[in-house]
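Student: Following this message is one structure expressed as structure tokens.
The values are calculated or read from the model by the stated rules, or taken from the named source; none is laboratory data. Remember, it's a predicted structure, so these values are computed and weren't measured experimentally. As a convention, Cβ positions derive from the backbone with ideal geometry for all residues, glycine included, and neighbour counts pool all protein chains shown.
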Ligand SMILES: *Cc1c(COP(=O)(O)O)cnc(C)c1O
């Protein structure tokens, strides 16, 4: 099977497994796991933040950040396609009592004007707006990258109104590879940043959140409360360290392969896609053929040994990643041409 469902399907390579098996470990709830500490220092350094915290998943990372930035009854602004709103099982309302105000962006990307207009005033009828969360790259937006100028404009609105900024940077390194903007420059515009090790980077488990020392010490307590305190977690942190060192700079290959797929699929009659939006490792194409829906395409592809994801009734998502070869891409294109030319 050629698995294009997600960049989370990668499996640790023999080299990665070796460093994991040999990792020095300790009880991280006691702060005694040297490999976890090294991972946290490494990510803090990459993002130029003062402190960082290893967490079991991106969802927990986002939710811990929301929890620390807010009080129950506060409001958070985000776009209506973002992971926090769409894919985190209402955790912000369950665990932090936070109301989400969702705005409709362009491919998930919001503007400073739009956000400024959505900030609540001091009227006692309104929830205090405490947090703005952005997603870069934007998954449901098709992997598009936020222009740094847009984020800077949003951050200055946030400062003006004393509102915290959180970055869901599950694929921040993909954004950096596309834009050439150092991850530090993105991170500098946010009070907290979450990055995933288990997406394009190819580690088996884990995410890291970064921020100020006081933010991270509160986050450490929240992580315990959320059940995310792990013991000899150096075993999995070692996979993350390996991924940061060896897999960060090859993300460009995933982007090139996504572009190759998009170019070929865009030429086929039943489908349409905007090539300019294929910026990173995600390809979302729309089905224009009236008789065909996304489930049909996914099933037909699966019968031809290609796994994809139905995004909605008329859209299918493909994601490129570390475990694919050039041959997989060529085969996928050949199957698409055979089926849909
Ligand atoms: C995958 C992802 C997350 C976190 O997902 P987990 O599966 O909980 O690790 C968060 N945000 C975005 C945009 C993602 O794609």
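Student: Looking at (1) more than 16 Å from the ligand (Cβ to nearest atom); (2) within 23 Å of residue 252 (Cα to Cα), which is the only condition residue 140 fails?
Tutor: Just one mismatch for residue 140, condition (1).
Student: Search segment 74-92 for residues that are farther than 19 Å from residue 158 by Cα and without any contact (Cβ under 8 Å) to a residue 60 or more places away in the chain and pair each with any residue that is in a helix (DSSP H, G or I) and within 11 Å of the ligand (Cβ to nearest atom) when their beta-carbon atoms are under 6 Å apart and the residues are at least 6 apart or on different chains.
Tutor: 88/59; 91/63
Student: To continue, here is another question. All but one of (1) free of Cβ contacts under 8 Å to residues at least 12 places away in the same chain; (2) at positive phi hold for residue 108; which doesn't?
Tutor: Exception for residue 108: condition (1).
Student: Okay, moving on. Inspect segment 221-235 for any residue being assigned to a helix (DSSP H, G or I) and within 16 Å of the ligand (Cβ to nearest atom) and give the result as yes or no.
Tutor: Yes, there is a match, as at least one residue in segment 221-235 is assigned to a helix (DSSP H, G or I) and within 16 Å of the ligand (Cβ to nearest atom).
Student: Could you pull out every one of the strands (runs of 3 or more DSSP E) wholly within segment 259-325 that has 3 or more residues that are crowded, with 16+ Cβ neighbours inside 10 Å and at pLDDT 95 or above?
Tutor: 282-287, 315-319
Student: Moving on. Exactly one condition in (1) part of a loop (DSSP other than H, G, I, E, B); (2) touching a residue at least 24 places away in the same chain (Cβ under 8 Å) is false for residue 40; which is it?
Tutor: Tallying (1) part of a loop (DSSP other than H, G, I, E, B); (2) touching a residue at least 24 places away in the same chain (Cβ under 8 Å), residue 40 fails exactly one: (1).
Student: Sticking with this one: Can residue 88 be described as within 16 Å of the ligand (Cβ to nearest atom) and either in contact with a helix residue (DSSP H, G or I) (Cβ under 6 Å, 6 or more places away or on another chain) or more than 20 Å from residue 66 (Cα to Cα) (or both)?
Tutor: yes
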